[in-house]
Amino acid sequence: MVKKEHCKKCGKELTPDEIGATKKLVNRGAAVYYCLDCLAEAFEITREDIEKKIVYFKEMGCTLFQ
Ligand SMILES: [Zn+2]
């Protein structure tokens with residue numbers, strides 16, 4: 001069983017991709033995670049920008065997205 005993580009800001013249940021994105025954008029050792037919408041707001045980018053980054057990191061074989 002994988003432990004469920006929730007967005008620190010809005011409480012939404014997170015996907016592994018969202019956790020990976022938080023680690024990538026905030027800090028690899030991040031202990032709190034955010035959903036794509038809250039990450040986008042914090043970094044003043046769009047949710048689509050983050051989704052594109054996730055696809056990119058997966059293509060690069062980033063270990064945070066396996
Ligand atoms: Zn959120």
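Values quoted throughout were computed directly from the atomic coordinates according to the rules given, and no laboratory measurement underlies them. The structure presented is a predicted model; accordingly, all values stated were derived computationally and were not measured. Note: ideal-geometry Cβ built from the backbone for every residue, glycine included; neighbour counts use all protein chains shown.
Listing CYS62, CYS10, CYS38 from fewest to most neighbouring C-beta atoms within 10 Å gives CYS10, CYS62, CYS38. Under the criterion of Cα pairs below 8 Å and six or more residues apart, the relative contact order for the chain equals 28 percent.
Work through the residues other than LYS8 whose Cβ is under 14 Å from its Cβ and net out their charges, Lys, Arg +1 and Asp, Glu -1. Net of charged neighbours comes to -1. Springs between Cα atoms under 10 Å define the GNM used for the chain, and in it the highest mean-square fluctuation of GLY20, GLY29, GLY11 occurs at GLY29.
The GNM of the chain, with springs linking C-alpha atoms under 10 angstrom apart, assigns the highest mean-square fluctuation among ILE54, ILE19, ILE45 to ILE45.
Which value in Å is the Kirkwood Rh of the range 16-65 over different Cα pairs?
Working: mean 1/r = 0.0940 Å⁻¹.
So the Kirkwood estimate lands at 10.6 Å.
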